[in-house]
Amino acid sequence: MINWSDTIKALEDYRNYVLTQAKRNLTMNKIKSGSRLYKSLRGIVAVKQSRSLTGRFQSGKQPQVTFKMNDYGRFVDEGVQGTKEGATAKPYKFDKNKKSIPWDVVEGFVTKRARNPKTGRFQSKNTMLYLIGKSIHEKGIKRSLFFTRPLNKRRVSSANKIAKGAANDITREFTNQLRIYFKDNKTLTK
């Protein structure tokens with residue numbers, strides 16, 4: 001079995017760069033380091049059983065990097081088109097047949113900030129949920145590309161490093177197998 005040490009090192013370097021830059025971009029977009037999205041960002045480098053395009057298992061194992069984050073991270077990264085917004089390149093859209101987004105999505109945000117900015121008095125929670133949900137539904141979510149930019153920025157150079165690492169690992173394993181083969185054959189002929 002191949003020891004993928006050089007390939008894994010290259011994948012870990014790529015993962016570390018992407019996560020560091022994504023977290024930096026979130027901070028620059030004023031999404032705090034204590035937020036759920038910031039904390040949910042992670043990358044996993046592992047050697048897994050390879051699969052074909054149809055999903056069937058194939059022989060051999062290969063190193064892979066997988067990035068994970070909260071589900072709404074995609075919406076923050078790629079943006080969501082609002083109902084009152086003109087045509088945009090955003091891949092997601094709010095349904096125009098609805099008047100607002102579900103209240104439970106906004107509830108955590110509102111419980112901390114249920115104060116009317118004009119009067120300074122507290123609003124009822126349901127009023128705030130409705131108003132904020134309706135505003136997000138109409139205006140959409142701004143596209144930040146906090147994750148996509150670092151993912152694509154080093155894709156080519158990292159792919160080259162990963163390919164070199166894989167070539168080194170395969171060559172090392174091939175050499176070891178040849179060494180074992182010739183060592184066994186010498187003992188058989190004597």
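The values are calculated or read from the model by the stated rules, or taken from the named source; none is laboratory data. Remember, it's a predicted structure, so these values are computed and weren't measured experimentally. Every residue, glycine among them, receives a Cβ derived from its backbone with ideal geometry; neighbour counts consider all protein chains shown. Just so you know, the surface numbers come from the protein's heavy atoms only, side chains and all, with ligands and any DNA or RNA stripped out. Shrake-Rupley method; radii C 1.70, N 1.55, O 1.52, S 1.80 Å.
Tabulated data
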| item | result |
| --- | --- |
| Some residue of region 150-159 being buried (at least 17 other Cβ atoms within 10 Å of the Cβ) and touching a Leu at 6+ places or on another chain (Cβ under 9 Å) | yes |
| Residues satisfying the stated conditions in region 76-91, i.e. more than 10 Å from Arg143 (Cα to Cα), crowded, with 17+ Cβ neighbours inside 10 Å and in contact with a strand residue (DSSP E or B) (Cβ under 6 Å, 6 or more places away or on another chain) | Gly82 |
| Residues satisfying the stated conditions in region 8-24, i.e. farther than 23 Å from Ala167 by Cα and touching a helix residue (DSSP H, G or I) at 6+ places or on another chain (Cβ under 7 Å) | Val18, Gln21, Ala22, Lys23 |
| Within region 46-60, considering residues that are open to solvent by 100 Å² or more (accessible area, probe 1.4 Å) and charged (D, E, K, R), the one nearest to Pro91 (Cα to Cα) | Arg51 |
| Top-ranked residue of region 130-149 - restricted to ones that are more than 21 Å from Gly86 (Cα to Cα) and touching a Phe, Trp or Tyr at 6+ places or on another chain (Cβ under 8 Å), ranked as least open to solvent (accessible area, probe 1.4 Å) | Phe147 |
| Where a residue in region 4-26 is free of Cβ contacts under 8 Å to residues at least 24 places away in the same chain and its partner, wherever it lies, is of a type in the set (S, T, N, Q), with Cβ under 8 Å and at least six apart | Lys23/Ser33 |
| Spans of helices (runs of 4 or more DSSP H) in region 80-163 with at least 2 residues modelled with pLDDT under 85 | 103-112, 125-139 |
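Listed here are the residues, each with its yes/no results for (1) among the charged types (D, E, K, R); (2) more than 30 Å from Gln62 (Cα to Cα); (3) touching a residue at least 24 places away in the same chain (Cβ under 8 Å).
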residue	(1), (2), (3)
Tyr130	no, yes, yes
Gly133	no, yes, yes
Phe146	no, no, yes
Arg149	yes, no, yes
Ala166	no, no, yes
Arg172	yes, no, yes
Asn176	no, no, no
